[in-house]
Amino acid sequence: MIDIKEKYKCSGCGACFAVCPVTAIEMKFDREGFKYPIVDSDKCIGCNLCSKTCPIENFDFKHKDVSSQISTHAFKSFSDKRLDSSSGGVFYELSNEFLDSGGLVVGAAFDQNFNLCHRIIDNIDDIKPLMGSKYVQSDTYEVFKEIKEVITAGKKVLYFGLTCQIEGLIKYIGNDSNLFTIDLICMGVPSPKIWTLYLDTFFERSNIEYVNYKDKRLGWHKFSFVLKEKNKTEFFQEGFDNYYMECMFKGYTLRPSCYKCVFKCENKKSDLTIADCWGCEDYLPEIDDNKGISMIISHSEKGENLLSFLKNKGEIIAFDYSNVLKYNSHYNNCAEIKGNRTLFFAFVSKYPRVTFSLLGKNPNKSLVGKMFRKFKI
């Protein structure tokens with residue numbers, strides 16, 4: 001029976017929840033707003049499938065040198081969909097081709113209350129909500145079961161998610177030939193509680209039309225945070241000036257497992273890894289037009305097959321793997337906390353406006369603000 005005593009040992013992937021044959025596990029929020037598995041001992045039959053499926057509990061720490069097996073490419077889509085994408089449009093192009101071939105695509109999208117969860121689509125007309133970066137942890141628990149059902153029925157599935165989610169999905173389903181996985185380079189996942197606190201403090205959540213964490217109107221190199229409410233002008237800030245983004249970049253709001261992520265290694269189980277092609281202006285200056293370039297890292301034969309989908313869909317150029325490690329530090333390095341995370345969570349629920357704004361460019365001058373500065377948060 002799974003029992004999380006040290007929170008950094010649970011990424012919240014939900015594989016244990018999905019595999020339980022008697023639904024004895026419930027994913028429940030803790031006070032920081034992250035979900036953890038809680039076992040109903042009255043329902044539990046002692047099969048231990050939950051522990052056997054946990055990707056962290058069963059992680060092989062004997063890393064192999066797989067750098068010689070990795071291929072790396074920069075990609076820039078020919079489609080104008082690139083401007084709606086966070087980087088070079090690789091998500092859209094791969095999804096479009098996969099759906100055209102009769103497969104299904106799984107990615108993260110907001111629901112009507114701006115809670116993030118993974119969903120399955122079978123039509124390119126439904127791709128828009130899945131596009132773009134979302135900086136909050138997504139629920140994957142129910143979709144794991146749906147994926148297993150459609151794969152068992154013979155359908156091919158292309159799953160986009162974080163490395164920990166893919167590790168959990170593969171532990172749950174197995175490395176099925178019909179399952180194709182693409183992970184994203186991430187610094188860590190912020191708390192859903194902090195996301196909703198931010199929205200409810202500064203906006204009217206029920207009135208929000210859309211959110212874009214990486215708007216490109218100032219260019220790809222200088223991304224912006226944009227939020228639109230009905231009958232109001234857009235709320236627009238450069239990304240590093242936004243309170244919510246500041247909290248994330250300083251490491252306050254991330255899940256405990258992100259600070260000790262065991263999956264920060266090169267021998268990944270995903271078929272491809274995608275990310276922004278940071279640094280390309282130095283090693284591929286001829287393709288950088290400041291509208292977004294994707295980086296693609298292939299880890300498997302299935303990954304190479306997915307790369308073939310991009311033929312004639314955009315400009316794709318191979319580059320040396322060393323540039324991944326040089327310009328994308330979060331590929332194999334964990335997040336760091338740049339301040340007092342404990343005090344941040346102690347204050348944010350009671351004083352959200354002050355807590356958020358204290359990390360902005362113009363700190364609040366209230367008594368609580370002075371307390372935060374005293375503790376050097």
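Just so it is clear, none of the values below were taken in a lab; they were calculated from the coordinates. Keep in mind the model is a prediction, meaning the values are calculated, not measured. Note: ideal-geometry Cβ built from the backbone for every residue, glycine included; neighbour counts use all protein chains shown.
Pull up the DSSP beta bridges for the chain and report the antiparallel fraction as a percent, rounded to 5. DSSP beta bridges in the chain are roughly 75 percent antiparallel.
What net charge is computed for the residues neighbouring residue 262, neighbours being all others with C-beta under 11 Å from the C-beta of residue 262, Lys and Arg scored +1, Asp and Glu -1? Could the numbers behind the result be given before it?
On the way: positive: 9, 260, 264; negative: 57, 60, 167.
It works out to a net charge of 0.
The relative contact order of the stretch 245-344, computed from alpha carbon pairs under 8 Å that lie at least 6 residues apart in sequence, is 46 percent.
Quick one: of the DSSP bridges fully inside the stretch 155-265, what percent are antiparallel, nearest 5? Mind showing how you got there, number by number?
Numbers: 10 of 16 bridges.
Beta bridges within the stretch 155-265, antiparallel portion: roughly 60 percent.
Which of rounded, prolate or oblate describes the stretch 182-255 when judged by the alpha-carbon gyration tensor and an a/c cut-off of 1.5?
Numbers: a/c = 1.81, a/b = 1.20, b/c = 1.51.
It is oblate, given that a/c is not under 1.5 and a/b is not larger than b/c.
For the stretch 159-306, the spread of Cα positions along the three principal axes, ordered from largest to smallest, is 49, 41, 28 Å.
Restriction of the chymotrypsin sites (Phe, Trp or Tyr not before Pro) in the stretch 25-102 to DSSP coil positions whose beta-carbon has at most 12 other beta-carbons within 10 angstrom yields 61, 78.
Need one number: convex hull volume per residue for the stretch 80-216, Cα atoms only, in Å³. List each step's numbers first, then the result.
On the way: hull volume 16.0 nm³, N = 137.
Expressed per residue, the convex hull around the Cα atoms of the stretch 80-216 is 117 Å³.
Equivalent-ellipsoid semi-axes (√(5λ), Cα gyration tensor) for the stretch 1-147, whole Å, largest first?
33, 20, 15
For the chain, which longest stretch is free of loop sites, where a loop site is one of the trypsin sites (Lys or Arg not before Pro) that DSSP puts outside H, G, I, E and B and that has at most 14 other Cβ atoms within 10 Å? Could the numbers behind the result be given before it?
Numbers: sites that count: 5, 31, 43, 62, 64, 217, 230, 232, 311, 338, 350, 361, 365, 376.
Between exposed loop sites, the widest span is 65-216.
Scalar couplings 3J(HN,Hα) for the stretch 206-216, obtained by applying the Karplus form with A = 6.51, B = -1.76, C = 1.60 to θ = phi - 60°, are 5, 9, 6, 8, 7, 10, 9, 6, 9, 5, 10 Hz; x denotes Gly and Pro.
P(r) tail for the stretch 1-70, what percent of Cα pairs lie past 15 Å?
On the way: 1330 of 2415 pairs.
Value for the stretch 1-70 (Cα pairs over 15 Å): 55 percent.
Neighbouring Cβ atoms within 10 Å as the yardstick, rank 334, 47 fewest first.
Values: 334 17, 47 14.
The order, fewest Cβ neighbours first, is 47, 334.
Among 299, 330, the ranking by other beta carbons within 10 Å of each residue's beta carbon, starting with the fewest, stands as 330, 299.
Each residue, residue 23 and residue 301, gets one label point 7 Å from its Cα in the Cβ direction; the gap between the two is 4.0 nm.
Scale the Cα Rg of the stretch 242-370 by the rule-of-thumb value 2.2 N^0.38 Å and send over the ratio, two decimals. Present the calculation step by step, with values, prior to reporting the outcome.
Numbers: Rg = 19.6 Å, N = 129, 2.2 N^0.38 = 13.9 Å.
Rg over 2.2 N^0.38 Å, computed on Cα atoms: 1.40.
Computed over Cα pairs, the Kirkwood radius of the chain leads via Stokes-Einstein (0.692 mPa s, 37 °C) to a diffusion coefficient of 152 µm² per second.
Rg over Rh for the stretch 157-211 works out to 1.17, both radii taken from alpha-carbon positions and Rh defined as the Kirkwood radius. The alpha carbon centroids of the stretch 141-219 and the stretch 289-316 are separated by 20 Å. Computed over the stretch 130-243, relative contact order equals 21 percent, with contacts defined as Cα pairs under 8 Å that lie 6+ residues apart.
When each of 221, 73 is scored by the number of other beta-carbon atoms lying within 10 Å, the sequence from fewest to most is 221, 73. Computed on the stretch 118-194, with alpha-carbon pairs under 8 angstrom and 6+ residues apart, the relative contact order is 35 percent.
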